[in-house]
Amino acid sequence: MSIINYVNKEVQFKIVYYGPALCGKTTNLSYIHSHVADTSRGELVSLATAADRTLFFDFLPLNALIIKGFGTRFQLYTVPGQVIYNATRQLVLRSVDGVVFVADSQWDKMQENVESFRNLQDNLVLQRLDIDRIPYVLQYNKRDTPNPAPVHYMDYILNNRPVRVPSYEAVATNGQGVFATLNAISRLLLRKFVRETEETAAAGKARAEAPAVTALSGIAAGTRR
Amino acid sequence: MNPTPVPPHSPADVPAATATNIASPAQRLQSVLADFLDKTQAAFSLVLDRGGAILCQYGNLSGSTDNAILAALAAGSFAATKELAARLGEAEFNTLHHQGKNANILVSTVDDDAVLMTVFGPETTVGLVKFYSVGTVAYLAALLKEARTSPDSQVAVSRHDLTAVGNIFPQ
């Protein structure tokens, strides 16, 4: 569930870019940072090794004015893709609202894609979250590599669940598909947020009306006696 | 000169919302932070969710530091030390102190979901900040518990309030 700053009533969504090592998670954030409007972006922070491999996470805060009267912040994180950093991935997933799973389209990366997706499911379970209950989208990155795996095959191995999620072809190095992916996960999160707040409001209204109905029933019962 | 320390309060002392105390949980959260900064002479306090989102903040930092980045880094740093504590048989370390030449950060556990980050300079001491943080986090924990369920703290939004649902971030 999104988190609200109690003081300025800003709604905050946490989006985590997940996927195998070197699939392009950090490249997505770098492209977004360099191409989104200056007024919408914060600083891109990367906790990386000397060789530019993500050690802890990358972080990019984005502002949007899309809900009347409320500020909205999308906090974009990446996780380290290397297998040994699983504990770190678990930490970054804490309080996650939505996920972008970045898959590598190269044939020899299919096994890593599948293992990383399973790892995502396992780590969500540790956060008491179910992959089928949180918004996520798939991004098939590196479509510019020679002979990439067909999209229908990647759908078959990664998007073959009871509910199919949106998937996007991408070349993160030149920006193809990057904003389509970001906008898709942002829309899913907004819709879920609005649905949940409407349900909460309806439940509150029902609770407020319930005692009055009970009281009236009591009066009616008393009258009958 | 630092104020004379007095014993921290207990959570039972947290003022409840009554007919004579109608401040919202958000206002009372800010009031607790203001009082904490006043007593400690610290510069800035921020209550954050352990996932890195800001719940409330008070005070000022010099420069143009983005609070969202501070929160993300503090949450990550605190979470990492939890793993370190686990290796030593501790559930977690309750406080984390980063000491610099002119700036310090103290991060303290509030509850299972939140931590308090305090930024302070040479005008105060880590001992004083730590001392008052004990009572402050107890206050904050009780207030956050109330705020999480209070209608005053919720955002009432319907689908008609959305101003854009297409390209939220145009390239």
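The values are calculated or read from the model by the stated rules, or taken from the named source; none is laboratory data. Just so we're clear, the structure is a prediction, and the values are computed from it rather than from any experiment. Please note: Cβ atoms are built from the backbone with ideal geometry, for glycine as well, and neighbour counts cover all protein chains shown.
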Failed condition for A:Ile67, given (1) within 12 Å of chain B (Cβ to nearest Cβ); (2) under 25 Å from A:Asp132 (Cβ atoms); (3) aliphatic (A, V, I, L, M)
(2)
Would you call B:Thr4 in a loop (DSSP other than H, G, I, E, B), more than 13 Å from the chain's Cα centre (by Cα) and at pLDDT 80 or above?
no
Go through (1) over 14 Å from the mean Cα position of the chain (by Cα); (2) on the phi < 0 side of the Ramachandran plot; (3) surrounded by 15 or more Cβ atoms within 10 Å (Cβ to Cβ) and name the single condition A:Lys142 misses.
(2)
Looking at the stretch B:23-65 only, could you name the residues that are within 9 Å of chain A (Cβ to nearest Cβ), assigned to a loop (DSSP other than H, G, I, E, B) and modelled with pLDDT under 90?
B:Ser24
Note on the stretch A:110-136: residues under 17 Å from the mean Cα position of the chain (by Cα) and assigned to a helix (DSSP H, G or I) are A:Ser116, A:Phe117, A:Arg118, A:Asn119, A:Leu120, A:Gln121, A:Asp122, A:Asn123, A:Leu124, A:Val125, A:Leu126
Verdict on A:Ser167 being at pLDDT 95 or above and either surrounded by 19 or more Cβ atoms within 10 Å (Cβ to Cβ) or farther than 27 Å from A:His33 by Cβ (or both):
yes
For the stretch A:75-113, name all the residues that are within 23 Å of B:Leu55 (Cβ to Cβ), within 8 Å of another protein chain (Cβ to nearest Cβ) and not hydroxyl-bearing (Ser, Thr, Tyr).
A:Gln75, A:Leu91, A:Val92, A:Arg94, A:Val96
Reported set for the stretch A:36-58 where residues are in contact (Cβ under 8 Å) with a residue 24 or more places away in the chain and under 20 Å from the mean Cα position of the chain (by Cα) is A:Val36, A:Ser40, A:Thr54, A:Phe56, A:Phe57, A:Asp58
Subset of the stretch B:73-91, residues more than 24 Å from A:Lys14 (Cα to Cα) and out of contact with any Phe, Trp or Tyr (no Cβ under 7 Å at 6 or more places or on another chain), comes to B:Leu84, B:Ala86, B:Arg87, B:Leu88, B:Gly89, B:Glu90, B:Ala91
Among the candidates A:Ala103, A:Ala87, A:Ala64, residue that is touching a helix residue (DSSP H, G or I) at 6+ places or on another chain (Cβ under 9 Å) and surrounded by fewer than 18 Cβ atoms within 10 Å (Cβ to Cβ):
A:Ala87
Of the conditions (1) surrounded by fewer than 17 Cβ atoms within 10 Å (Cβ to Cβ); (2) within 9 Å of chain B (Cβ to nearest Cβ); (3) basic (Lys, Arg), the single one that A:Arg53 does not satisfy is (2)
Test: residue in the stretch A:67-78 that is among the hydrophobic types (A, V, I, L, M, F, W, C) and modelled with pLDDT of 95 or more:
yes
